1. Could you list R208, R89 so that the one with the fewest beta carbons within 10 Å of its beta carbon is first and the one with the most is last?
2. How would you rank V62, V78, going from fewest to most other Cβ atoms within 10 Å of each one's own Cβ?
3. Quick check on segment 2-99: take the gyration tensor over C-alpha atoms, sort the square-rooted eigenvalues as a ≥ b ≥ c, and tell me if it's rounded (a/c under 1.5), prolate or oblate.
4. At L96 and K222, where each label point lies 7 Å from the Cα along Cα→Cβ, what is the point-to-point distance in nanometres?
5. How much length would be gained if the chain were fully extended between D11 and A71, taking 0.36 nm per residue of separation minus their Cα-Cα distance, in nm to one decimal?
6. Distance check, please: which entries in K47/K79; K17/K47; K112/K146 exceed 25 angstrom between their Cα atoms?
7. Rank these for me by crowding, E75, E42, E132, going from fewest to most other beta carbons within 10 Å.
Amino acid sequence: MATKISEDIVDVWIAFKKDQSDQTLRNRLMERYLPLVRYNAERVWAKLPEGVDLNDLMSAGVFGLMDAIEAFDMERGVKFETYCVPRIRGAMLDELRTMDWVPRLVRSKASKLEAARKAAVAKTGRPPTDAELASEMGLGIGEFEKHKAEASAINLVSLNKKWYETDSYKDVREVDVLQDAKGEDPTDGIQKLDVMKIVTKGLNRNERLIIILYYYEELTMKEIGSTLGLSESRVSQMHSSIVNRLKEQLNGRRPEFS
């Protein structure tokens with residue numbers, strides 16, 4: 001049976017090389033050698049950090065297989081499996097290079113920093129300080145800080161990486177727990193509003209506006225004066241008076257803030 005399969009594939013090769021525009025023949029060859037793509041993709045993927053998609057490697061490997069099929073010369077006496085594997089793996093490695101945005105210089109700086117860290121740990125038996133790392137690398141502290149900042153660009157995190165597994169159908173991933181540093185906590189706004197109501201209770205219109213515009217809108221005394229039609233000095237006097245009155249009132253209302 002194995003001999004028949006071998007003879008069949010040879011016939012397909014001969015027919016395809018006579019007419020390489022025949023898509024049906026090419027597809028038969030692709031199907032025959034597709035397991036080589038998966039096998040090599042899994043071997044490459046196993047050595048990579050988490051976050052690289054196996055399917056991306058396989059897709060690149062398929063293009064490598066297509067190129068190998070079109071370029072293969074049967075008359076050279078080389079087995080196609082031997083010929084195509086370097087092309088499949090090469091296509092995968094090219095894909096990895098296009099996925100990697102970190103410049104070579106950054107990687108070099110990161111490698112030097114890591115080598116210095118390992119050397120310092122070997123000497124001291126503990127994690128080194130920045131000063132010790134700078135000394136190990138022969139750099140001034142300023143140069144070291146710059147080197148460290150440039151090398152840190154290599155630290156990437158896949159937002160699709162699994163954070164932890166759950167009992168539900170969907171695992172929690174990095175993107176689900178990523179903190180939005182620019183986002184505002186809605187409770188902060190509610191708390192500020194509550195405090196503002198307590199603080200401005202009992203003040204007249206101008207007094208409330210001075211407190212709100214100065215502490216919440218962050219306007220200057222001059223800008224508040226222009227808004228209220230008052231002089232800057234008058235706003236300052238009123239502000240001082242309000243603050244003194246509020247201090248006296250708040251001392252007796254501490255339970256409301258606890």
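1. On the way: R208 16, R89 19.
Ranking R208, R89 by Cβ neighbours within 10 Å, fewest first, gives R208, R89.
2. On the way: V62 17, V78 12.
So the residues, fewest neighbours to most, are V78, V62.
3. On the way: a/c = 2.33, a/b = 2.07, b/c = 1.13.
It is prolate, given that a/c is not under 1.5 and a/b is the larger ratio.
4. For L96 paired with K222, the spin-label model returns 6.2 nm.
5. Working: separation 60, 0.36 × 60 = 21.60 nm, distance 1.72 nm.
The D11-A71 span can extend by a further 19.9 nm.
6. Values: K47/K79 27 Å; K17/K47 36 Å; K112/K146 13 Å.
Over 25 Å Cα-Cα: K47/K79; K17/K47.
7. On the way: E75 6, E42 12, E132 18.
Least to most surrounded, the residues fall as E75, E42, E132.
Read the figures in this text as sums done on the coordinates, not as results from a lab. Because the structure is predicted, anything quoted here is derived from the model rather than measured. Virtual Cβ from ideal backbone geometry, glycine too; neighbours counted across all protein chains shown.
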